[in-house]
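Here is the structure we will look at.
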Amino acid sequence: MKSTSLKKSVSNIEAMAIVVGMIIGSGIFLKPGIVLGDAKNPYMALLAWVLGGIITLASALSIAELSAVIPKAGGLYVYLEELYGKPVGYLLGWVQTIISCPASVAAQAIAFSTYSSFFIPLSKLQKNLLAIGVLFFILLMNILSTKFGGMIQTLATIGKLVPVAAIVVFGLLKGSYPGFSYISESMETVTGSGFGIAVLGTLWAYDGWIGVTNMAGEIKHPEKTLPKVIGFGVTFVILVYALFNVAMFKVLPYETIVASAAPGADAAEALFGNGGGAFITIGIMISVFGALNGYLMTAARVPQSMGARNQLPFSKILGDIHPKFSTPANALIFQSLLAVLYILTGTFNTLTNLLVFVLWVFFVMGVFGVFIVRKKNPKKPGRYAVPFFPFTPLVGIIGGLYILISTIIDSPERSFIGIGITLLGLPVYYWMNKK
């Protein structure tokens, strides 16, 4: 009989590396200009980064309580099944399996090949081929052993903090403030839906922390470990992101940051020259490489879990664990093939933008689930409970609703297309149930 159970081989350090390594990917190096453009001035941009971090932290600490009460493989989609019924949980699993996770994998792979062109000029086809090549290398490592994936994640997380720390330290020591000069000319601020879009832009850079919950079946004592690594990891990243943006505003003029497609690399070159910029760019590539590994590693756990429960077409194949390597090899290959499709069609950015809105609908439901859990499973001594209840989950809920409402007002078409894609999973759900 084929196994559908994964070994508990993920250490606490590797779990922490998954949280930090998946959050700090390409977003912090690519998004500052977009957020600044939406926020209109550096102070509002910093506020957007901090507020996005607070909303993320409040949501993360709240959902961590769900992981303590329901420490099952599959993460949030399983929690939503338990709280709201199978169709709701299924829709999140559907979106993560078919679009969200593989599109995020594709985005990280393309980011890696884009930064590679700093050293060697690459055509669009060559960038795509390099992205696919690095994706297949990570796929192979994760098929051979979850330990290999965990080791890559730990080393890449350490490596990615080097360029971030270098830009922060040397940027903060720099005496000028060109990024803040715009304030003296205009105190223009943005409020309402526009500021909501700026905050939404930061949320993609904060995304990824929830991936570690997909690994619950492979972590020892997940009910204790997950809350710790999620809380500490997200708090650490908020501090890093805030300092990184302040450093960038001390290095680059406002107009340069807004116009740049890769302000992180521009800041590195301004600080260290071409040679230093090359060193930092290598560090950025390591950062993206680690995020790519984390996304693929955690992404495969959703279709594997759904397959083991016979919830997807070809469930027997997707739910299987490799008999020799004890890894979800088929699910890893499936997610990688979808990612290759998104790389070749160039749809990964469009899809990730569409689904940030949808994913936050599910996140808000997950945060609200803390109130349901407390009613059904009263707090027990020794079990993790979200701090400052009910204030913390309310911050996550109110912040999430603000983001959702702002997005609907500013981009109604994008919001409703994302909802439509999600609802396509319902016919599949009912068809699988009939089978």
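Structural remarks
- Probe 1.4 Å, protein heavy atoms only - accessible area per residue of the chain in square angstrom: 39
- Of Phe357, Phe249, Phe389, the one that fluctuates the most in a GNM where the chain has Cα springs shorter than 10 Å: Phe389
- Ellipsoid semi-axes in whole angstrom, largest first, where each is sqrt(5λ) of the Cα gyration tensor of region 258-354: 37, 16, 9
- Using Cβ point charges alone (K and R +1, D and E -1), the dipole size of the chain about the Cα centre works out to roughly 1700 debye.
- In terms of the mean number of neighbouring beta-carbon atoms within 10 Å, the peptides 363-369, 100-106 order highest first as 100-106, 363-369.
- Here the sum of -39500 (n - 2.57) over DSSP H runs of 4 or more residues, divided by the residues of the chain, equals -25000 deg cm²/dmol at 222 nm, to the nearest 500.
- Stretching the chain fully between Asn274 and Ile333 yields a gain of 17.4 nm (0.36 nm per residue, less the alpha carbon separation).
- Overall form of the chain per C-alpha gyration tensor (a/c, 1.5; a/b vs b/c): prolate
- Couplings 3J(HN,Hα) for region 54-65, derived from phi with the Karplus relation 6.51 cos²θ - 1.76 cosθ + 1.60 (θ = phi - 60°), are 5, 4, 4, 5, 4, 5, 5, 5, 6, 5, 4, 5 Hz, where x marks Gly and Pro.
- Max mean-square fluctuation residue, GNM over the chain, Cα-Cα springs under 10 Å, options Met151, Met297, Met248: Met151
- When each of the peptides 375-385, 326-336 is scored by the mean number of other C-beta atoms lying within 10 Å of its residues, the order from highest to lowest reads 326-336, 375-385.
- Mean shadow area of region 219-314, taken as a quarter of the surface of its Cα convex hull (nm²): 9.5
- When each of Lys228/Lys380; Lys127/Lys160; Lys224/Lys316 is checked by Cα-Cα distance, pairs over 25 Å: Lys224/Lys316
- Protein accessible area in the chain, 1.4 Å probe - carbon and sulfur %: 70
- Backbone HN-Hα couplings from phi across region 97-108 [Karplus 6.51/-1.76/1.60, Hz, Gly and Pro as x]: 6, 8, 10, 4, 5, x, 5, 5, 4, 4, 4, 5
- Length gained when the stretch Thr350-Tyr430 is fully extended (0.36 nm per residue, less Cα-Cα span): 26.0 nm
- Label separation (Phe136 vs Ile54): 4.8 nm, computed from points 7 Å beyond Cα along the C-beta direction.
The values are calculated or read from the model by the stated rules, or taken from the named source; none is laboratory data. From a predicted model like this one, the values you see are computed outputs, not experimental measurements. Positions of Cβ are generated from backbone atoms using ideal geometry, with glycine treated the same way; all protein chains shown enter the neighbour counts. All accessible areas refer to the heavy atoms of the entire protein, side chains included, with ligands and DNA or RNA removed. Shrake-Rupley method; radii C 1.70, N 1.55, O 1.52, S 1.80 Å.
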